[in-house]
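J.: Have a look at this one before I ask anything.
The values are calculated or read from the model by the stated rules, or taken from the named source; none is laboratory data. This is a predicted model, so every value here is computed, not measured. We place every Cβ from the backbone using ideal geometry, glycine too, and count neighbours over all the protein chains shown.
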Amino acid sequence: MFELFENELGNLDSILGRVKDSSLEFLENLADRPTYIADQSFVPAGLPDVGAGALASLEIFRKHYEKLMVASPGPRYWGFVTGGATPAAIAGDWLTAVYDQNTQSSQGDGDVSAMLEKETVRLLCQLLHLPDNFVGGFVTGATMSNFTGLAVARQWAGERTGRDVSRQGMAGDFVIMAATPHSSVIKSLGMLGIGSNNVVRIETSGGREALDPDDFERKLIENQSKPIIVNCSAGTVNTVDFDDIALIAALKKKHDFWLHVDAAFGGFAACSPSYRYLLEGWEQADSITIDCHKWMNVPYDSAVSLIRKEHSRLQVSTFQNSNAPYLGDPSENFSYLNFLPENSRRFRALPAWFSLMAYGRGGFEWIVENSIARARELGAYIENSTHFELLAPVRLNVVCFRLRDDIEKMSDFLKRINRRGKVFMTPTLLSGRPAVRAAFVNYRTAEEDIRIAIREMEEVWREL
Ligand SMILES: *Cc1c(COP(=O)(O)O)cnc(C)c1O
């Protein structure tokens, strides 16, 4: 063996030991690490002719780049919908790299990882009070999960017009409708050849982001001549509004359509007895998107696609890897290879399995309720503030607000507060008006963090 690799293998104990020490240093000081680092001056290391080895590379990384890592798994990173990484999830993620399985077939032919993936999906469905009639698998994020669900929906709609879309392509002969779809749904429609301009927008009402039921049924009737795909939001990113899933599911009995539920983070509301009602009826969906790297606090990247078992034939028509005979007949044994977009697949289920085992129903109920409590605390402060204004009631775990009187100073406010590095939030547009979002998903966020953020907001407001 090449001497460098021989040395590396002989040195594994100290390599992993140093990785452990560096990890501890990062994780134990997360609360003090900045959420924003202005000076991202990047020193390119260049490709060496003679490799430095893992230990020396770790030192190079620590010297140049480690200090540039922001506290995105920390308690006051409220941008996007950024979950943290619990200890069990980190353990699972580390071991995923160690075991390095190519997770495909669950027939037990030398590959238990796919069986554990299926088992993880089963446990996740139990956690979320979903029945056992979905085929589920891990993908990189809710974007890919939306893509997967909508791809099978497309296959379904194609068959309604006598077309095998995955083979023959399509000529825009079906209808997709949504009220407030996530940007990744629009992106997926582009990737799927359905066309990102082709969403029939269902109206919203009462200043909310949820669909208006009357307009929805009107559009179902108007478009009856074509197969219809409905994208339902179970938690919008700005105000965590939910389309009325129970009502939509009931309309499925009267009208024929594919129901895709984008529950990327909102699905975890099912962990809370007080909020589970928001998801009532979602078990009747044809496909569901769940993100694990958000409210489940599994590190990036991790999401699940759930598609009803009765659609397995359509799912295989969409994703089968049929031009590689050496990979076997898809109808003979289950392999993720023929059910999901990727062929080679990381054992992405393992961090989620560790998390489910380690924290159980009680742990996730606590994470969800804790996030909601924190969002309410920030919301209550804003409601009583003379200089900030809530733009929507705090429905769940996102606070959407703006400056009361100085709207033109919004981006200045956000830039300043983020640059101070104590708390991180992201900008958005709500009904066309600039706003700030604070999303609560990290299990570490405590009352004290809300006090720190409020202090920051007050100080920055005075500086404006
Ligand atoms: C975050 C999010 C997505 C996209 O998820 P990624 O994990 O970033 O790919 C899709 N839908 C909703 C509702 C989301 O919150």
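J.: For R122, all conditions in the list (1) more than 30 Å from M457 (Cα to Cα); (2) surrounded by 19 or more Cβ atoms within 10 Å (Cβ to Cβ); (3) modelled with pLDDT of 95 or more; (4) in contact with an Asp or Glu (Cβ under 9 Å, 6 or more places away or on another chain) hold save one; what is the number of the exception?
T.: Of everything listed in (1) more than 30 Å from M457 (Cα to Cα); (2) surrounded by 19 or more Cβ atoms within 10 Å (Cβ to Cβ); (3) modelled with pLDDT of 95 or more; (4) in contact with an Asp or Glu (Cβ under 9 Å, 6 or more places away or on another chain), R122 misses just condition (2).
J.: Still on this structure, please answer the following. Do you know which residues across segment 41-92 are within 16 Å of the ligand (Cβ to nearest atom) and not in a loop (DSSP other than H, G, I, E, B)? If you could, list the steps in order and put the result at the bottom.
T.: Keep residues of segment 41-92 that are within 16 Å of the ligand (Cβ to nearest atom), which gives 72-73, 77-85, 89.
Within segment 41-92, Y77, A89 qualify.
J.: Shifting gears a bit: Where residues in segment 245-292 are over 15 Å from I372 (Cβ atoms), touching an Asp or Glu at 6+ places or on another chain (Cβ under 6 Å) and touching a residue at least 60 places away in the same chain (Cβ under 8 Å), which of them is nearest to the ligand (Cβ to nearest atom)?
T.: Top of the filtered list is A264.
J.: Checking S196 against (1) among the hydroxyl-bearing types (S, T, Y); (2) closer than 23 Å to R163 by Cα; (3) touching a residue at least 60 places away in the same chain (Cβ under 8 Å), which single condition isn't satisfied?
T.: (3)
J.: Can you name the residue in segment 1-30 that is among the charged types (D, E, K, R) and touching a residue at least 24 places away in the same chain (Cβ under 8 Å) and, of all such residues, is nearest to P75 (Cα to Cα)? Show your work before the answer.
T.: Narrowing segment 1-30 to residues among the charged types (D, E, K, R): 3, 6, 8, 13, 18, 20-21, 25, 28.
Okay, now just the ones that are also touching a residue at least 24 places away in the same chain (Cβ under 8 Å), so 8, 18.
Values: E8: 36, R18: 25 Å.
It comes out as R18.
J.: Checking A453 against (1) more than 28 Å from the chain's Cα centre (by Cα); (2) closer than 29 Å to A269 by Cα, which single condition isn't satisfied?
T.: That leaves (1) as the condition not met.
J.: Any residue at all in segment 175-193 that's among the β-branched types (V, I, T), more than 16 Å from the ligand (Cβ to nearest atom), surrounded by fewer than 17 Cβ atoms within 10 Å (Cβ to Cβ) and closer than 16 Å to A153 by Cβ? Can you show your working first?
T.: Pass one, segment 175-193, residues among the β-branched types (V, I, T): 175-176, 180, 185-186.
Filter again for more than 16 Å from the ligand (Cβ to nearest atom), leaving 175.
Filter again for surrounded by fewer than 17 Cβ atoms within 10 Å (Cβ to Cβ), leaving none.
There is no residue in segment 175-193 that is among the β-branched types (V, I, T), more than 16 Å from the ligand (Cβ to nearest atom), surrounded by fewer than 17 Cβ atoms within 10 Å (Cβ to Cβ) and closer than 16 Å to A153 by Cβ.
Listed here are the residues, each with its yes/no results for (1) surrounded by 24 or more Cβ atoms within 10 Å (Cβ to Cβ); (2) over 17 Å from A439 (Cα atoms).
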position: G266; (1), (2): yes, no
position: T289; (1), (2): yes, yes
position: N297; (1), (2): yes, no
position: K309; (1), (2): no, yes
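J.: Mind listing whichever residues of segment 420-464 are modelled with pLDDT under 95 and either among the acidic types (D, E) or over 18 Å from L403 (Cα atoms) (or both)?
T.: Residue satisfying the conditions is E463 alone.
J.: Could you say which residue among E332, E342, E408, E365 is among the acidic types (D, E), at pLDDT below 95 and in a helix (DSSP H, G or I)?
T.: Selected residue: E408, the only one of E332, E342, E408, E365 that is among the acidic types (D, E), at pLDDT below 95 and in a helix (DSSP H, G or I).
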